[in-house]
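All remarks here apply to the structure that follows.
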Amino acid sequence: SAIGRSVLSIIGAGSFAYYTVKDRLPQILTKVIDTIHRNKKKFFEEYGKEGVEAEKKAISIFSKLRNEMQTNKPILPLTDNCQDTDIWNQYLDYQKTLLGNGEDPSWFRSPWLYVECYLYRRIQEGMSFSPPISEYDVFRDVKNESFFQSQQAMMALCTHLQELKKTIASLSKEQRQEEFYRLLQVSLWGNKCDLSISGGQDNSQKSSILASLESLKSFILVNNMDSLWNTLTKGKDVGSENALKTRVDIVLDNAGFELVTDFILADAILFFNLATEVHFHGKCIPWFVSDTTKHDFDWTIQQFLAVNHKWMSKCGQTWKENLKKGSWVYHENLFWTLPHEFWSMEKIAPDLYTELKKSDLIFFKGDLNYRKLTGDRKWDFTVPFSQALKTFHPAPLCSIRTLKADIQVGLQAGIGERLSASDANWMVSGKYGVIQFS
Ligand code: F6P
Ligand code: MG
């Protein structure tokens, strides 16, 4: 493309991508190996000797994989026989044509987005070659642990939501708008808690986020909350029952605290009559350590129902009922765990694209979704978001993301340069965020 610095981010020494493949990903794999080993007893209890054999096999597969990565071996085609195996292997061929000269893509000579996604797909492949423990989610322990670490912060959010519900009748349109904005920001900062940026270490929300919102405001680099409010209230009398079917989609990111902030937002969207349906999109396989699978989604609601806290269990009940009534819907699609940019969705996953077209507003949570929305290109900071999306525009959409990868578009002139001069890590520290609409 002729636009800006629009080149593929091949992993350059010293870059955040380089650090990721050199340190962060091997660290994540080491944690996977430890986790499998720690569960040996459990596998034995469940499957007997076969379980222990499978544990050994998985560990040997992942040790080999770590070695491939650390010694910059070529990227290998997948050999399992899954629905997406061919698409992955075709993509590898395509990467080869991009490099040219017959060179094979290797762990450090490939686009960063691609190798990182590929690692998680290889973990999936490794587990599928290790029956009977193939269904075991190697990140489950760390996801659950981080959930429990964030419980105080979750309680505070649930209490806030229930209090809001009590006072709703007395709230003016402006006050409702303010509350909606508050919950959008909660969902934004919830995205700090992913377990991939921390190399699989605990990264939970320990204190209530609500009290910090005001002081965090200046870290929101693009804040299009007004456009969201206008999109959802256009032609509606806010506060009154909303007869027309309106649909909001949330393309989920991390389980744990972030997922709860998304549930709270989704709950409020229905409660404020900003939409009649919320559709969630999760991952089919364990992904980027903490991303939400169907199991995480259900497990989280189960935890809320079981906990001994009035407002948390009240939330759990509402969410369970929403799912039963069909005002909350959960979707899965293999496209979300492919390495492809979103502008190729229409071609690669036309069914998903058609589904998203039914939405009135799509939220894309998190950093990885942002990288895929913008094709992970090194765009100039001032390139408009709509331009970086290229042809991807199934419906009005919004990225809610803390910055954890060195890409950002749609900034006012000079802002990116000013931040670069004062804070070398501003794009990867998760300290800054965007609520960016197109
Ligand atoms: O490691 C790559 C990366 O995309 C980071 O930029 C980010 O830390 C993480 O993976 C995923 O973040 P998120 O959970 O917000 O998508
Ligand atoms: Mg994630």
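The values are calculated or read from the model by the stated rules, or taken from the named source; none is laboratory data. None of these values were measured; they are calculated from a predicted model. FYI the Cβ positions are ideal-geometry reconstructions off the backbone, even for glycines, and counts take in every protein chain you see.
Below, the figures for the structure above:
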item	result
Test: residue in region 391-413 that is in a helix (DSSP H, G or I), away from ligand 2 (no atom under 16 Å from the Cβ) and either within 13 Å of Asn191 (Cβ to Cβ) or over 17 Å from the mean Cα position of the chain (by Cα) (or both)	no
Extreme residue, farthest from ligand 1 (Cβ to nearest atom), among residues of region 203-226 that are hydrophobic (A, V, I, L, M, F, W, C) and in contact with a Leu (Cβ under 9 Å, 6 or more places away or on another chain)	Leu210
Members of region 414-428 found to be in a helix (DSSP H, G or I) and touching a residue at least 12 places away in the same chain (Cβ under 8 Å), listed by number	Ile415, Gly416, Glu417, Leu419
Failed item, numbered, when Ala153 is tested on (1) modelled with pLDDT under 95; (2) more than 17 Å from Glu258 (Cα to Cα)	(2)
Test: residue in region 238-259 that is more than 16 Å from ligand 2 (Cβ to nearest atom), out of contact with any Phe, Trp or Tyr (no Cβ under 6 Å at 6 or more places or on another chain) and in a helix (DSSP H, G or I)	no
Answer from Gly200, Gly235 - the residue that is small (Gly, Ala, Ser), modelled with pLDDT under 95 and either touching a Pro at 6+ places or on another chain (Cβ under 9 Å) or more than 16 Å from ligand 1 (Cβ to nearest atom) (or both)	Gly235
Search result, residues across region 328-343 that are of a type in the set (Ser, Thr, Tyr) and either closer than 16 Å to Asn89 by Cα or crowded, with 18+ Cβ neighbours inside 10 Å (or both)	Thr337
In region 344-380, the residues that are aromatic (Phe, Trp, Tyr) and within 18 Å of Ala17 (Cβ to Cβ)	Tyr370, Trp379
Residue match in region 211-228 (condition: away from ligand 2 (no atom under 16 Å from the Cβ), closer than 30 Å to Thr35 by Cα, within 21 Å of the chain's Cα centre (by Cα) and outside any loop (DSSP other than H, G, I, E, B))	no
Filtered residue count, region 384-407, keeping only those that are under 18 Å from Ser227 (Cβ atoms) and either in contact with a helix residue (DSSP H, G or I) (Cβ under 9 Å, 6 or more places away or on another chain) or not hydroxyl-bearing (Ser, Thr, Tyr) (or both)	15
Residue pairs meeting the criteria (Cβ under 7 Å; at least 6 apart or on separate chains; first at positive phi, in region 57-77; second part of a helix (DSSP H, G or I) and modelled with pLDDT under 95)	none
Options Asp249, Asp296, Asp262; residue that is more than 16 Å from ligand 1 (Cβ to nearest atom), crowded, with 23+ Cβ neighbours inside 10 Å and acidic (Asp, Glu)	Asp249
Considering residues of region 276-306 that are in a strand (DSSP E or B) and closer than 21 Å to Asn191 by Cβ only, the residue nearest to ligand 2 (Cβ to nearest atom)	Asp291
Complete set of residues in region 128-179 that are assigned to a helix (DSSP H, G or I) and among the aromatic types (Phe, Trp, Tyr)	Phe147, Phe148
Selection count where residues are within 14 Å of ligand 2 (Cβ to nearest atom) and surrounded by fewer than 16 Cβ atoms within 10 Å (Cβ to Cβ), scope region 170-203	0
Any pair with Cβ under 9 angstrom, 6 or more apart, that starts in region 175-202 at a residue that is among the acidic types (Asp, Glu) and ends at one that is assigned to a helix (DSSP H, G or I) and crowded, with 19+ Cβ neighbours inside 10 Å	Glu179/Leu164; Glu179/Ala268; Asp194/Glu258; Asp194/Asp367; Asp194/Leu368; Asp202/Val142; Asp202/Ser146
Close pairs (6 angstrom Cβ cut-off, 6 or more residues apart or separate chains): on the phi < 0 side of the Ramachandran plot and at pLDDT below 95 in region 284-313, within 16 Å of ligand 1 (Cβ to nearest atom) and in a helix (DSSP H, G or I) anywhere	none
Only one of Lys372, Lys347, Lys431 that is charged (D, E, K, R) and part of a loop (DSSP other than H, G, I, E, B)	Lys431
Which numbered condition Phe335 misses (of (1) within 30 Å of Gln387 (Cα to Cα); (2) away from ligand 1 (no atom under 16 Å from the Cβ); (3) in a helix (DSSP H, G or I))	(2)
Of all residues in region 68-126 being loosely packed, with under 15 Cβ neighbours inside 10 Å and small (Gly, Ala, Ser), the one that is nearest to Lys372 (Cα to Cα)	Gly100
Hits in region 36-54 (condition: assigned to a helix (DSSP H, G or I) and farther than 15 Å from Phe129 by Cα)	His37, Arg38, Lys40, Lys41, Lys42, Phe43, Phe44, Glu45, Glu46, Tyr47, Lys49
